[in-house]
Amino acid sequence: MERKEFLVCIDSDGCLLDNMELKHKECFCPAFVNVWNLQPVSRYARKVWETVNLYSRTRGTNRFHAVVDALNLVYNLPEVKAYGLEKPDLSDLIRWKAETPELSARALREYAETHPELSGVLKQAADWSAEVDANIKRIVRGIKPFVNVEEALKKLNEFADVVVVSATPTEALERELEACGVAKYFKRIFGQDAGTKSVCIAKMLEEGYDLDKSLKVGDALGDFQAAKENGVLFYPIIPGSEIDSWALLRDEFAEKFKNGAYKGAEMERRVDAFTKVLPEI
């Protein structure tokens with residue numbers, strides 16, 4: 001397939017697709033409470049899960065980073081300590097996260113099966129991830145892209161190769177993008193099992209795109225970090241202002257990117273507006 005001069009890598013959940021709150025509130029969090037035995041403190045578990053994954057600077061992080069962060073936060077709450085619940089030993093899961101080349105449900109399941117001598121926390125994490133995916137298949141349907149997304153994608157496709165770079169499993173990505181009619185706008189679709197967002201951007205850059213003609217579009221600081229690690233530009237879809245962010249990309253910033261004007265102070269202003277809406281935990 002012929003390569004265009006420009007590259008645009010776009011995140012999916014909460015950025016391209018209006019599905020992030022549905023997934024976390026109805027799929028991830030119920031599995032978090034169920035599999036990690038947090039029923040007595042479910043009100044605190046839910047608040048922590050939503051803070052980590054939706055309303056703070058860890059928004060959009062990989063699910064296995066998120067579950068460790070959330071468990072640590074839950075068990076540090078005085079209200080939870082008062083119940084006398086025993087915190088699981090997460091050391092084997094943390095070690096796997098640090099050492100695995102692929103932060104995916106498949107990789108964790110295979111590792112847990114081949115290392116039965118390690119603690120049950122690996123199997124528990126794999127069971128939790130499987131329950132999340134089952135919930136998503138059962139519950140998530142009828143998802144739409146944010147308003148203005150399709151017109152922005154048409155604009156970008158005029159001069160750029162557009163790909164999806166996401167922490168969502170590829171199978172779910174392909175299903176959701178096909179269902180809402182926007183899969184046709186993407187040259188490639190990279191999900192969780194293809195590697196980290198940074199790794200996937202690097203794979204695309206190997207095809208010869210110039211760094212100043214490559215752009216990452218995302219709604220989380222993890223997207224910004226992946227852009228920085230690869231030396232490419234970053235355009236934020238600001239949480240709570242997604243529709244306006246896509247309209248601005250369609251009407252103004254796509255052309256600025258194409259003309260080499262979206263960089264430096266111009267980009268910094270957008271990034272500053274983005275980071276201000278994402279507090280520290």
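The values are calculated or read from the model by the stated rules, or taken from the named source; none is laboratory data. In this text the structure is predicted, and so the values were computed from the model without any measurement. Heads up, the Cβs are rebuilt from the backbone with ideal geometry, glycines too, and the neighbour counts pull from every protein chain shown.
Could you tell me which of the residues Leu211, Leu205, Leu278 is touching a residue at least 60 places away in the same chain (Cβ under 8 Å), over 14 Å from the mean Cα position of the chain (by Cα) and surrounded by fewer than 18 Cβ atoms within 10 Å (Cβ to Cβ)?
Result of the check over Leu211, Leu205, Leu278: Leu205.
Suppose the filter is part of a helix (DSSP H, G or I), among the small types (Gly, Ala, Ser), touching a helix residue (DSSP H, G or I) at 6+ places or on another chain (Cβ under 6 Å) and crowded, with 17+ Cβ neighbours inside 10 Å; does Ala107 pass it?
Against the criterion (part of a helix (DSSP H, G or I), among the small types (Gly, Ala, Ser), touching a helix residue (DSSP H, G or I) at 6+ places or on another chain (Cβ under 6 Å) and crowded, with 17+ Cβ neighbours inside 10 Å), Ala107 does not qualify.
Can you pull out every residue in the range 50-75 that is assigned to a helix (DSSP H, G or I) and closer than 19 Å to Gln225 by Cβ?
Answer for the range 50-75, where residues must be assigned to a helix (DSSP H, G or I) and closer than 19 Å to Gln225 by Cβ: Val52, Asn53, Arg63, Phe64, His65, Ala66, Val68, Asp69.
Across the range 20-48, what is the total count of residues that are surrounded by 24 or more Cβ atoms within 10 Å (Cβ to Cβ) and either at pLDDT below 95 or of a type in the set (Val, Ile, Thr) (or both)?
The qualifying residues number 1.
Just a yes or no: is a residue in the range 195-217 farther than 20 Å from Leu7 by Cβ, modelled with pLDDT under 95 and not basic (Lys, Arg)?
No, the range 195-217 has no match at all.
Please tell me if Ile243 is under 19 Å from Gly60 (Cα atoms), surrounded by fewer than 19 Cβ atoms within 10 Å (Cβ to Cβ) and either among the aliphatic types (A, V, I, L, M) or modelled with pLDDT under 95 (or both).
Judged against the criteria, Ile243 is a match.
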